[in-house]
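Beneath this line is the structure, given in structure tokens, with notes to follow.
Only the coordinates and a few stated rules stand behind these numbers; no lab work does. Note that this is a predicted model, so its numbers are computed, not measured. Note that we place each Cβ from the backbone using ideal geometry, even for glycine, and neighbour counts take in every protein chain shown.
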Amino acid sequence: MITLIISASLACLGICGALCIAATERTVSVTIEDAKIIWTLHKQSSRCRHGKWMLIKPKNGKVNGFQCECGYKYLQKKSLIT
Ligand SMILES: [Zn+2]
């Protein structure tokens, strides 16, 4: 059941991400909610047991990634569609 919800969230995230990229082109950022979902996925896929994470914020104030306590770093890359 949880897997289903996560898959659905991920699919949604992908669609939203694609729309975001299409709309903004230059700056790519993730919302805190998105980061949370990705972190949850990271914990499941790598069996990470750490409970802390930090958002990575560049100077423009937008969130563009996060770092897990275990050292795992996620950064939203610029547009995959060129
Ligand atoms: Zn971790």
Check which residues have an amide H placed less than 5 Å from Ile56's amide H, if you skip close sequence neighbours.
Asn64, Gly65, Phe66, Gln67
Two-site label geometry, Leu10 and Tyr72: point separation in nm, points 7 Å out along Cα→Cβ
1.2
What order do you get for 64-70, 3-9 when each peptide is scored by the mean count of other beta carbon atoms within 10 Å, highest first?
64-70, 3-9
Enumerate the calculated ³J(HN,Hα) couplings along region 62-71 in order (Karplus 6.51 cos²θ - 1.76 cosθ + 1.60, θ = phi - 60°), each rounded to whole Hz, writing x wherever the residue is Gly or Pro.
8, 7, 10, x, 7, 10, 7, 4, 6, x
From the phi of every residue in region 36-41, what ³J(HN,Hα) in whole Hz does the Karplus formula 6.51 cos²θ - 1.76 cosθ + 1.60 yield, where θ is phi - 60° and glycine or proline is x?
4, 5, 5, 5, 4, 5
